[in-house]
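Let me begin by presenting the structure, written as structure tokens, before commenting on it.
Values quoted throughout were computed directly from the atomic coordinates according to the rules given, and no laboratory measurement underlies them. Please read these numbers as outputs of a predicted model, since none were measured by experiment. Positions of Cβ are generated from backbone atoms using ideal geometry, with glycine treated the same way; all protein chains shown enter the neighbour counts.
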Amino acid sequence: FFCPIVKQMSEQVLTITYHQMVENEHLVPDTYLSDDKTMETHLDCQQLLSQLRGTVNQKRESIDKLKDIVVSFNRNFKPQNTFRFNTMPVTDNDYLQIAVDLQEFMDNNKIDEFRRRTSEHYKDILGRISTEIGSLMKRRSDVDGVILDINRDFVEKNFAGVIKSIELRANESSDKLMQLLISIHDYTVENALSIGELNLFSSNNRDEVNLKVVDYLKSLSHQLQNEPNRSSVSLSDAFRLQFRVKENDNDTNWVERINNVGSDGTDILVKAMVNIMLINVFKKKAARKSGDFIVHCMMDEIGRLHPNNIKGILQFANSRNIYLINSSPTSYNPYDYRYTYLLSKYGVKTRVEKLLKRIK
């Protein structure tokens, strides 16, 4: 009598346990439930359910371990990485697919393919940087030549007045991006045959050279991120122009701005002299082809100069065949100028009258 009851109760318990595991706990994947394959076994239902629960739990532990490994692995990559690894998996299948893709990556030795591809890409980037910066540095040498000519020009025809000496020089650039680009250019030129893939001319330290190249490119990337609004570099970024002015007993030493040389008028005087010498340097180069000629220049704020300095700057310019035009509404020592004109406005027309002409 009791055996059928016990059997019936046992079957009910097994049924409840089965449905609890499948429907409530969701431990068994659908693929297990829909599998049509059969297998003979001597285990009873209770043992089979216990085995299935253990298998499913073991799979879950393996999946969790895989997730931890994938998460740790993905910390080495950004979402937009070169290898196109999925760094943001969501489902279990995503994690499994990452493992499959990585296994394929290793089996097919794709790392060498990427190494060759990126090596050529890096080499191309370095080559372009080296070419552009090399061209810029050649123009920098032209600047050095102009500065030398300006310094020589003052010595040959100096200023008879308070300004005893004016010197210019071009120091190394303090621009961080330009400094880095110059370093990349120099390193590329020195190691041109060792950068990239192995070739007949590669040196023994090729790997070391290429690692240094990667470091340079990383530094360049970080520097560009620090200056997101910067789109280019120019010749003026390649050097720091410095001035040294001696005014009577006052020596400015080397400074980057012509300020506080003396009075405000003296600052204007020095800036005017530098511009006159710069014009004269280029005028001389042009004169080699077509002969010497006269240049007329408008000088603003000339009225702020001391009368003696006005006469001195006029002689300084005239000795170089550069004639200054003072457009001040107020007359300052008109006899210092070769011509004096009066300009009158009549509607849209301007009337020009010659008032004075200096004979000597």
*What is the projected area of the convex hull of the Cα atoms of the stretch 210-360, averaged over all directions, in nm²?*
16.8
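When a footprinting reagent is the concern and you count Cβ atoms within 10 Å, what order do 273, 88, 106 take, fewest first? If you can, show how the numbers build up before the last one.
Working: 273 25, 88 7, 106 10.
So the ranking, lowest neighbour count to highest, is 88, 106, 273.
Which of 271/349; 176/271; 289/345; 176/283; 67/218; 283/354 have a Cα-Cα distance over 32 Å? Don't skip to the answer; put the middle values down first.
Numbers: 271/349 34 Å; 176/271 28 Å; 289/345 40 Å; 176/283 35 Å; 67/218 30 Å; 283/354 28 Å.
271/349; 289/345; 176/283, as the Cα separations exceed 32 Å there.
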*Arrange 306, 185 by Cβ neighbour counts within 10 Å, fewest through most, would you?*
306, 185
*Work out from phi, with θ = phi - 60° and the Karplus expression 6.51 cos²θ - 1.76 cosθ + 1.60, the ³J(HN,Hα) of each residue of the stretch 136-148, listed in order in whole Hz, and give x for Gly and Pro.*
5, 5, 5, 5, 4, 5, 5, 4, 4, x, 5, 4, 4
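Sort 92, 175 by Cβ crowding within 10 Å, fewest neighbours at the top.
92, 175
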